[in-house]
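Asker: Shown below is the structure under consideration.
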Amino acid sequence: IDVPVIAVDGPSGSGKGTVSRLLAEQLGWHLLDSGALYRLTALAAQRRGMALDDEAMLSTLASKLDVRFASEAQGASVLLEGDDVSLAIRNEDCGIAASKVAILPSVRAALLDRQRDFRVTPGLVADGRDMGTVVFPDASLKIFLTASLEERGARRLRQLKDQGVGANLPSLLRDLAERDARDARRAVSPLKPADDALTVDSSGLDVRGVLDRILTFARERN
Ligand code: C5P
């Protein structure tokens with residue numbers, strides 16, 4: 001039988017991560033945080049002193065990546081080669097490094113099966129940039145979640161403050177804009193809505209509001 005997938009794509013800071021996690025919880029489905037795989041590839045490369053544009057080395061690294069996603073009572077943790085890197089992969093530098101390795105076609109190809117392996121009954125919520133266009137083109141529901149750059153920057157600032165990480169808005173906005181541009185301009189799997197995606201603008205909506213809208217779409221599809 002076909003395992004249903006809800007694809008949630010969109011730019012950095014649109015709230016995809018939070019919305020996808022809550023959606024998966026509410027439905028009792030699995031969650032794929034595909035951005036984490038690109039972040040982990042970048043982190044593993046940096047640990048080895050690899051250049052972030054060495055496509056051959058990086059794609060081999062990506063295909064062999066020793067990663068475990070552990071879900072614990074305190075929250076999900078991510079292990080890279082046995083080390084808990086849950087916090088390390090969340091900082092903005094790692095996001096920027098991830099967007100550099102994500103340009104490379106053979107790195108993307110190396111991560112494809114690993115992402116598709118998450119498609120297990122009863123269903124999957126997949127969070128990323130190309131979930132609806134490339135990884136799960138047959139997804140039952142495709143959401144493209146957007147928000148203005150200012151709103152995304154303000155949200156990211158709040159998120160980092162909550163984690164006790166210092167940041168300033170102007171440099172966050174610069175980083176987000178740089179990452180968006182790289183994600184949207186790349187030749188392979190650029191950030192763009194699938195033809196059959198429903199766009200949700202989360203500016204001015206809280207998480208509950210976004211979640212309700214997506215759940216309504218999901219019900220209409222069934
Ligand atoms: O979503 P997140 O901010 O964790 O993603 C980090 C980076 O990984 C993105 O800026 C993007 O370049 C890349 N990415 C991607 N395709 C995905 C998910 C993330 O290219 N499906």
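Asker: Which one, D53, D83, D66, has the greatest fluctuation when you compute a Gaussian network model over the chain with C-alpha springs under 10 angstrom?
Answerer: D83
Asker: Run the accessible area of the chain with a 1.4 Å probe and give the carbon-and-sulfur part as a rounded percent.
Answerer: Details: 5530 of 10650 Å².
The nonpolar share, carbon plus sulfur, comes to 52 percent.
Asker: Kirkwood Rh over Cα pairs of segment 119-222 into Stokes-Einstein at 20 °C, 1.002 mPa s: D in µm²/s?
Answerer: Details: Rh = 15.5 Å.
The diffusion coefficient I find is 138 µm²/s.
Asker: If you wrap the chain's Cα atoms in a convex hull and average its projection over all directions, what's the area in nm²? It would help to have the intermediate numbers written out before the result.
Answerer: Working: hull surface 47.7 nm².
Average projection, Cα convex hull of the chain: 11.9 nm².
Asker: Rounded to the nearest 20 Debye, what is the dipole magnitude of segment 131-212 about its Cα centre when Lys and Arg each give +1 and Asp and Glu each give -1 at the C-beta? Intermediate results must be reported in sequence, preceding the final value.
Answerer: Numbers: 13 positive and 13 negative charges, 75 e Å.
The calculation lands at about 360 debye.
Asker: Do you know the relative contact order of segment 1-74, to the nearest whole percent, from alpha carbon pairs under 8 angstrom that are 6+ apart?
Answerer: Working: 23 pairs, mean separation 11.3, N = 74.
The normalised contact order for segment 1-74 reaches 15 percent.
Asker: Here is a follow-up. Check cross-link reach from K142 to the lysines: straight Cα distance under 21 Å, and skip same-chain residues fewer than eight apart.
Answerer: K16, K192
Asker: Moving on. Report, in deg cm²/dmol and to the nearest 500, the calculated mean residue ellipticity at 222 nm for the chain, where each DSSP H run with n ≥ 4 adds -39500 (n - 2.57) and the sum is divided by the residue count. Walk me through the numbers before you get to the answer.
Answerer: On the way: 8 runs with 104 residues, N = 222.
Calculated at 222 nm, the ellipticity per residue is -15000 deg cm²/dmol.
Asker: Still on this structure: With the radius of gyration and the Kirkwood radius both derived from the Cα set of segment 1-93, what is their ratio Rg to Rh? Could the numbers behind the result be given before it?
Answerer: On the way: Rg = 14.7 Å, Rh = 14.9 Å.
Computed over Cα atoms, the ratio is 0.99.
Asker: Return the single residue from V101, V165, V85 with maximal mean-square fluctuation; model: Gaussian network over the chain, springs between Cα atoms under 10 Å.
Answerer: V165
Asker: Give me the one-decimal nm value for the distance between modelled label points at N91 and R48, 7 Å along each residue's Cα-to-Cβ direction.
Answerer: 2.2
Asker: Go through 36-43, 166-173, 192-199, 150-157 and give me the packing order, highest mean Cβ count within 10 Å leading.
Answerer: Values: 36-43: 25.4, 166-173: 12.6, 192-199: 14.9, 150-157: 18.4.
Peptide ranking by packing, descending: 36-43, 150-157, 192-199, 166-173.
Asker: Any idea how far apart V165 and L205 come out in nm if each label point goes 7 Å out from Cα toward Cβ?
Answerer: 2.5
Asker: Measuring with a 1.4 Å probe in the full set of protein chains, what accessible area per residue, in whole Å², belongs to the chain?
Answerer: Details: 10650 Å² over 222 residues.
Accessible surface, normalised per residue, equals 48 Å².
Asker: Measuring from centroid to centroid over Cα atoms, what is the spacing of segment 53-67 and segment 117-171 in Å?
Answerer: 23
Asker: Looking at the chain as a GNM with Cα springs under 10 Å, which of R158, R108, R129 has the largest mean-square fluctuation?
Answerer: R158
Asker: Hey, if you put +1 on the Cβ of every Lys and Arg and -1 on every Asp and Glu Cβ in the chain, which of P170, I89, P193 ends up farthest toward the positive end of that dipole?
Answerer: Looking along the dipole axis, the top candidate is P170.
Asker: If each of K64 and T216 carries a label point 7 Å out from its Cα toward its Cβ, how far apart are those two points in nm?
Answerer: It works out to 5.1 nm between the two label points.
The values are calculated or read from the model by the stated rules, or taken from the named source; none is laboratory data. Here the structure is a predicted model, which is why all the values come from computation and not from measurement. Cβ: placed from backbone, ideal geometry, glycine included. Neighbour counts: every protein chain shown. Remember, those area values only see protein heavy atoms, side chains included, never the ligands or the DNA or RNA. Shrake-Rupley method; radii C 1.70, N 1.55, O 1.52, S 1.80 Å.
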